[in-house]
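**Q** Just passing along the structure, written as structure tokens.
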Amino acid sequence: MITAGPTYEPIDTVRGVTNQSSGKMGYAVAQAAVEAGAEVTLVSGATVLATPAGVERVDVTTARDMHKAVMARAKQADVFISVAAVADYYPVDPQPHKIKRGDGNLKLELALNPDILGEVAALPKGPFCVGFAAETEDLNANAQAKRKKKRIPLLAANLAQETFGKDTNALTLFDDEGVHELPLAPKIVLARQLIEHIAKMLPRR
Ligand code: C5P
């Protein structure tokens, strides 16, 4: 199971809070996993991308939708790769009409979204979990800290400015063995390398 794309948290009927994410990296990972022979479910936020052939796609909007879709399927998954850019917060009181412009400031109260990857990683007998981290600085320190905090065996980190909206990327993989650099390449090439790395880490069946 793979998540991809952004989540969108409505403020009113026409506005929302979201993250920058084209979905390209997650869709490339889904395609690479199918090529490697996996049965793939892609839980996807809104993107303009076509579903890779052979992938079952579940469309979601908010992080809470994504959480529900993922938790319903997590026990059946062998591997969970969380590529989605999940919004950390959602507006508490979305308005059922377009908010009119007023004279002063507008206050928006935000509540914390569930940590989807964290919850899946904490499941007893849950899938092998892989996280992604888009950082803007201190890639290594932030990524290592994130892997420890989420208690996941593998984390793929990239620099936001290198990847957003692009067809290429560079990844740094962090696992118990150390750091593995996957240099600048098309996202599908990196996705295949990532899947190969994951396959090597899985117990033989
Ligand atoms: O946003 P952040 O860099 O902390 O995300 C790290 C990892 O956690 C990513 O794999 C992302 O998909 C996942 N995540 C999640 N639920 C959240 C926030 C992030 O699953 N609420």
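**Q** Based on the Cβ-Cβ distance from VAL48 to GLN95, what FRET efficiency comes out when R0 is 30 Å, to the nearest 0.05? If you can, show how the numbers build up before the last one.
**A** On the way: r = 27 Å, r/R0 = 0.90.
Efficiency at R0 = 30 Å is approximately 0.65.
**Q** Kirkwood Rh, Cα Rg: Rg to Rh for segment 39-103?
**A** Taking Rg over the Kirkwood Rh, I get 1.09.
**Q** Another question, if that's okay. Need one word for the chain: rounded, prolate or oblate. Basis is the Cα gyration tensor (sqrt eigenvalues a ≥ b ≥ c); a/c below 1.5 gives rounded, then a/b vs b/c decides.
**A** prolate
**Q** Using unit Cβ charges (K, R positive; D, E negative) and no other charged atoms, how large, in debye to the nearest 20, is the dipole of the chain about its Cα centre?
**A** Dipole magnitude for the chain comes out near 380 debye.
**Q** Here is a further query. Loop-only check: which trypsin sites (Lys or Arg not before Pro) in segment 74-172 are DSSP coil with at most 14 other Cβ within 10 angstrom?
**A** Details: sites: LYS75, LYS98, LYS100, ARG101, LYS107, LYS125, LYS146, ARG147, LYS148, LYS149, LYS150, ARG151, LYS166; in loops: LYS98, LYS100, ARG101, LYS107, LYS125, ARG151, LYS166.
Answer in residue order: LYS98, LYS100, ARG101, LYS107, LYS125, ARG151, LYS166.
**Q** Let me ask something additional. Specify the longest stretch of the chain that does not include any exposed loop site, a site being one of the GluC sites (Glu not before Pro) with a non-H, G, I, E, B DSSP assignment and at most 14 other Cβ atoms within 10 Å.
**A** Between the exposed loop sites, the longest stretch runs 40-108.
**Q** So with the 1.4 Å probe, I'd like the accessible area per residue for the chain, rounded to whole Å².
**A** Numbers: 11500 Å² over 205 residues.
Here the residues of the chain average 56 Å² of exposed surface.
**Q** Follow-up question, since we're still on this one. In terms of Cα to Cα distance under 13 Å, which aspartates and glutamates are near enough to LYS187, apart from those fewer than 8 places away along the same chain?
**A** GLU162, ASP167
**Q** Step through the table entries LYS107/LYS166; LYS125/LYS149; LYS125/LYS200; LYS98/LYS166; LYS148/LYS200, compare each Cα-Cα distance with 23 Å, and write down the pairs that go over it.
**A** Those over the limit are LYS107/LYS166; LYS98/LYS166.
**Q** If you count the DSSP beta bridges with both ends in segment 20-115, what percent of them are antiparallel, to the nearest 5?
**A** Percent antiparallel among DSSP bridges in segment 20-115 is about 40.
**Q** Given the -39500 (n - 2.57) contribution per DSSP H run of 4+ residues, what per-residue ellipticity at 222 nm results for the chain, rounded to the nearest 500 deg cm²/dmol?
**A** Values: 6 runs with 60 residues, N = 205.
Per the formula, -8500 deg cm²/dmol.
**Q** Below 8 Å, C-alpha to C-alpha, sequence gap of six or more: please give me the relative contact order for the chain in percent.
**A** About 20 percent, as a whole number.
**Q** So, one more: When the accessible area of segment 1-104 is computed with all protein chains present and a 1.4 Å probe, what percentage of it is carbon and sulfur?
**A** In segment 1-104, the share of accessible area belonging to carbon and sulfur is 49 percent.
The values are calculated or read from the model by the stated rules, or taken from the named source; none is laboratory data. Every value quoted in this text rests on a predicted model; they were computed, and no experiment measured them. Backbone-built Cβ (ideal geometry, glycine too); neighbour counts: all protein chains shown. For accessibility, only protein heavy atoms count, side chains too; no ligands or nucleic acids. Shrake-Rupley method; radii C 1.70, N 1.55, O 1.52, S 1.80 Å.
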